[in-house]
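Colleague: Quick one: this structure, given as C-alpha cells, is what I'll be asking you about.
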Amino acid sequence: MDFFLLLVATGLVSGAAYGLIAMGFALIFKSTGVVNFAQGELVMLTAYISFSLYTTFDLSFFPLMLVTIPISMLIGLVLERLFIRPMLGEPIFAIVMVTVGLAVILRGVTIMIWGPDPFNFNAGIPTEVVYVGSVPFYPAQLYLIGALAVMTFAGWAFLRFSRMGIAMRAVAANETAALLVGISVSRIHAVAWMLSAAIASVAGVLFAANFKLAPDLWFQGLKSFPAVILGGLDSVIGSAAAGLIIGLIENLFQGYVGQGLREISGFIVIVIVLMVRPYGLFGSKDIERV
Amino acid sequence: MRTGHFKERTGQLVALSDSKVVWSFVALLFALALVAPFVLGNYQVTLLVSTLIAIVGAVGLNMLTGTTGLISLGQAGFLAVGAYTNAILMMDFGWPFWLSLPAAGVVAALISILVGVPSLRLKGLYLAITTLAFAFIINHVILYAEWLTHGPNGIFVSGAKLFGFDIQKGKPLYYTALGVAAIVVFAALNIQRSRIGRAWMAIRDHDIAARVMGVDLVRYKLLAFMVSSFIVGIAGALISLQIRFVNIDVFALILSIEALAIVILGGLGSIAGAILGAIFLSLLPEAIRLFFETFSDTNSSFYTTYVYEIRGITYGVVIIAFLRLKPEGLIGLWRDIRKYWSNWPLAY
C-alpha cells in the first residue's frame, strides 16, 4: 500500500509538471490554432534565465518568480512578433513548421549560452522533507502541485470572467466573427503567447527545482504531448487535469509493469486516444470524418 | 520562349519530360556523378555518399508529406527500422546485402501500416503528433528488445558485399548509393505521374473532393505511408552501411526535423526539389565548418564543442527563412529563374 501511495505521489508530481506545460500548449492552440512545438524549449529557456537570476541576486522562490514571469512574458511577446506574426495568413502547416524551426534554434542557443552541463537549482525553495499523511514530500514537489492548482484556477477564472479571456474564447470559436465584433485578433495572439510563456516559466523553474536543470529539459515539452492530446488540444483546464492522469499512468506503469514502459506509456496513450476519441476528454468535438 | 509547342495526347501530358535538353542535362549530371569518385578525395566521396542517402530519404518523405500532404515527424523511427533490419539480417542471420536491402524497406513498410491505420482518421497536426509518438515508441522498442536488437549495445555492420565488392567504403559504397538513389528517384518520378501519384495529389489538395471523385482514401493514404516508408527504410539500410555501427542514438528527433527541413527547403511535392534540398542541406554543415575553420582557433574549438547545436540552429534558420521568404523552396526559385530567362525582356 505504501508503495502504491508513493507511486501516486510521485505520479502527481511529474503529472503536475506535464499539466503545466500542457496548459501552455493548449492556450496557444486555443487562440491561434497552432501547436507550438517550441513550448518545451520555452520551458527550458525561461528556467535557465531564472537560474541566472537566482545565482546573481540570490532571491527566494516568490520574488524569483515575480522577476522571472515578466521576463518570460516579454520573451513570449518577442518570439511571437519576430517569428509568428509575419506568418499570419499562411497555412497552419507553415506556421507549425516555423515553431519546429524555432524550437531547434532556441534549444541550440540555450545550450550555447549556459553550456551542456547540468546544474543544481533549488529556486530558493527549502529542502527539508515534509510529511503529508504517511507520504514524504519535498517542498518543491508540493510547490509544483500547488502551482498547477493555482494556474488551473487562474486560467479558469481568466477565461471565464476577464474581458481578455472572453475575447480569447471568441477568437478560438470563430476568428472572423471575433474580428467583426471589434476584437483585435493579433493582440489576442500576442497575449496567448505571453501567458503561455509565463506558464512555461513556472513549469520550468519548478521542474528544475524538483529534478535538475539540464539541457534535456526541452524534452519535457514532447513528453507533455500525451497530456495535451488526452485533455483535448483546445482545452486549457482539461490539459491540466490530463497532465495529472498521464503522470499517474506513467508511474503506475513503471511500478507495476516494467521500467522501460515509463517513457512510452504516455505515447501509447496518445495513440489510443487519437484512435478512440481524437478530440480528447475535454476538447471540443469538431473533427471531420472523411 | 518556346512556341508552337502543343500537347495533343494524354501521354504527352504525363511524360516525364518531352524536352531533349532536360534529358541531356540529366545524362550529363549522371555521367559527372559516375566519374566523380575518380576526381575527388576520400573525404569528399564520403560527403557525396551522405548526400545520396539524404536524397533517398528525402524522396521518401516527400512522397508522404509533399505529394500526399500527410505531415510526418517520425522519419527517424523509420530510418531506425530500416537500419536495424539491415544490420540484424546481415550480421545475425547472414543474409546477403542484395536481399537484406529490400527486406529493410519491406519491414519499414509493414511497420508503417501500424502507424498508418490509426492515423487514417487524423489530419495535419494530430497526424504529426501521432507520427512523433510512434518514432518514440519504435526507439524504445528497439532499446528494450535486446534479444533481437542488442539494445543499447548497438550492432557493428561489416562485410557487406555486392558482386564481390566490399561495399562499405570508398568507391563501391559510393556506386551502391548512387545506384539505389538513381533507381529510387526514377521510380518515384514514375509513381508520381501514374494514377497513384495523381490520387495522392488529389488527397493533398482536397480530401473530400478526392473522395467524391472516387479516390479510395483509406487505400491511397496507406499506400502513401507504405511506399514512403519503404524508401525511407532503404535509406536507413544505406545509413547502416556507411556508419558501420548501428546505435539508437543515431536516430534522434533531430533527424526527423532535418528530413522535414530538406523537403521544405527543396519545395514540397517536387522530387527535383527534394534532391536539391538534400544536396543543399548535406553540404551546408560543411560550409559552416569551413567558415569556422577559416577564422581563428578559438572559433574552431567553439565549433567542435557545439557542433550539434550549430547544426540544429542552421536547420531552424533554414526552415524559417524558406517558409517566410520562399515557401515554394529551391525548386520555386529555379522556376522563377527559368521563367525570367525565357520571358526576358518581358516580365511575364
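No lab work stands behind these numbers, since they all come straight from the coordinates. Note that this is a predicted model, so its numbers are computed, not measured. Don't worry about glycine lacking a Cβ; one is built from the backbone with ideal geometry, like all the others, and counts go over all protein chains shown.
Colleague: Can you give me the relative contact order of chain B as a percent, contacts being Cα pairs under 8 Å and 6 or more apart? Could the numbers behind the result be given before it?
Modeller: On the way: 478 pairs, mean separation 98.7, N = 348.
The normalised contact order for chain B reaches 28 percent.
Colleague: Tell me, which longest segment in chain A has none of the GluC sites (Glu not before Pro) that fall in DSSP loops with at most 12 further Cβ atoms within 10 Å?
Modeller: My reading of the result: A:129-287 is the longest stretch.
Colleague: Here's a follow-up. With each pseudo-label sitting 7 Å past Cα toward Cβ, what's the A:TRP156-A:LEU74 distance in nm, one decimal?
Modeller: Simple spin-label model gives 3.4 nm for this pair.
Colleague: Next question, about the same structure. Scan segment B:1-106 for chymotrypsin sites (Phe, Trp or Tyr not before Pro) in coil per DSSP, keeping those whose Cβ has at most 11 other Cβ atoms within 10 Å, and list them by number. Display every interim value, and only then the final one.
Modeller: Working: sites: B:PHE6, B:TRP23, B:PHE25, B:PHE30, B:PHE38, B:TYR43, B:PHE78, B:TYR84, B:PHE93, B:PHE97, B:TRP98; in loops: B:PHE6, B:PHE93.
Here the chymotrypsin sites (Phe, Trp or Tyr not before Pro) that fit, given the DSSP loop and packing criteria, are B:PHE6, B:PHE93.
Colleague: Hey, can you list the DSSP H helices of chain A whose Cα span along the axis is 20 Å or longer and whose average Kyte-Doolittle score is at least 0.0? Please report the intermediate quantities before stating the final value.
Modeller: On the way: long enough: A:2-32 (44 Å, 1.58); A:39-57 (27 Å, 0.83); A:61-79 (26 Å, 2.38); A:92-114 (33 Å, 2.33); A:139-161 (32 Å, 1.30); A:185-210 (37 Å, 1.45); A:236-256 (30 Å, 1.31); A:261-276 (22 Å, 2.37).
Answer set is A:2-32, A:39-57, A:61-79, A:92-114, A:139-161, A:185-210, A:236-256, A:261-276.
Colleague: Per-residue Cβ counts within 10 Å, from other chains only, averaged over A:267-274: what number is that?
Modeller: Mean partner shielding for this stretch: 5.
Colleague: Okay, next question. Over segment B:39-343, what lengths in whole Å, largest first, do the semi-axes of the equivalent ellipsoid take, defined as the square roots of 5 times the eigenvalues of the alpha-carbon gyration tensor?
Modeller: Equivalent ellipsoid semi-axes, largest first: 29, 26, 19 Å.
Colleague: So what are the three principal axis dimensions of the protein assembly as shown from its Cα atoms, in whole Å, longest to shortest?
Modeller: Principal extents (Cα only, largest first): 78, 60, 55 Å.
Colleague: Between A:ASN174 and A:MET275, how many nm apart are label points set 7 Å from Cα along the C-beta direction?
Modeller: Label at A:ASN174, label at A:MET275, 3.7 nm between them.
Colleague: I'd like the FRET efficiency for A:PHE57 and A:ASP216, computed as 1/(1 + (r/R0)^6) with the beta carbon distance as r and R0 of 22 Å, rounded to 0.05.
Modeller: It comes out at approximately 0.25.
Colleague: Another question, then. Any idea how far the Cα center of segment A:194-264 sits from the one of segment B:166-219, in Å?
Modeller: Taking the Cα centre of each part, segment A:194-264 and segment B:166-219 sit 38 Å apart.
Colleague: Could you give each residue of segment B:324-338 its phi-based ³J(HN,Hα) in whole Hz, using Karplus coefficients 6.51, -1.76, 1.60 with θ = phi - 60°, and x for Gly or Pro?
Modeller: 7, 9, 9, x, 7, x, 4, 5, x, 4, 5, 5, 4, 4, 4
Colleague: Assuming R0 = 51 Å, can you tell me the calculated FRET efficiency for the pair B:LEU346 and B:TRP95, based on Cβ-Cβ distance, to the nearest 0.05?
Modeller: The computed FRET efficiency comes out at 0.30.
Colleague: Using a Gaussian network model of chain B whose springs link C-alpha atoms within less than 10 Å, name the residue from B:LYS169, B:LYS20, B:LYS221 with the highest mean-square fluctuation.
Modeller: B:LYS20
Colleague: Enumerate the lysines that B:LYS7 could reach by cross-link, defined here as Cα to Cα under 30 Å, with residues fewer than 8 away along the same chain left out.
Modeller: Once the sequence-local lysines are set aside, what remains near B:LYS7 is B:LYS20, B:LYS339.
Colleague: Separate question: Take chain A, connect every pair of alpha-carbon atoms lying under 10 Å apart with a spring to form a Gaussian network, then pick out the residue of A:PRO226, A:PRO215, A:PRO118 with the largest mean-square fluctuation.
Modeller: A:PRO118
Colleague: Taking amide hydrogens as modeled 1.01 Å from N in the peptide plane, which residues meet the under 5 Å criterion relative to A:LEU213, leaving out close sequence neighbours?
Modeller: Under 5 Å from the amide H of A:LEU213: A:PHE119, A:PHE121.
Colleague: What aspartates and glutamates sit close enough to B:LYS326 to cross-link, taking a C-alpha to C-alpha distance under 14 Å and skipping anything fewer than 8 places away on the same chain?
Modeller: A:GLU90, B:ASP336
Colleague: Running a GNM on chain A with Cα contacts under 10 Å, which residue among A:LEU222, A:LEU195, A:LEU179 ends up with the highest mean-square fluctuation?
Modeller: A:LEU179
Colleague: In percent, what relative contact order does chain A have, based on Cα pairs under 8 Å that are 6 or more apart in sequence?
Modeller: The normalised contact order for chain A reaches 36 percent.
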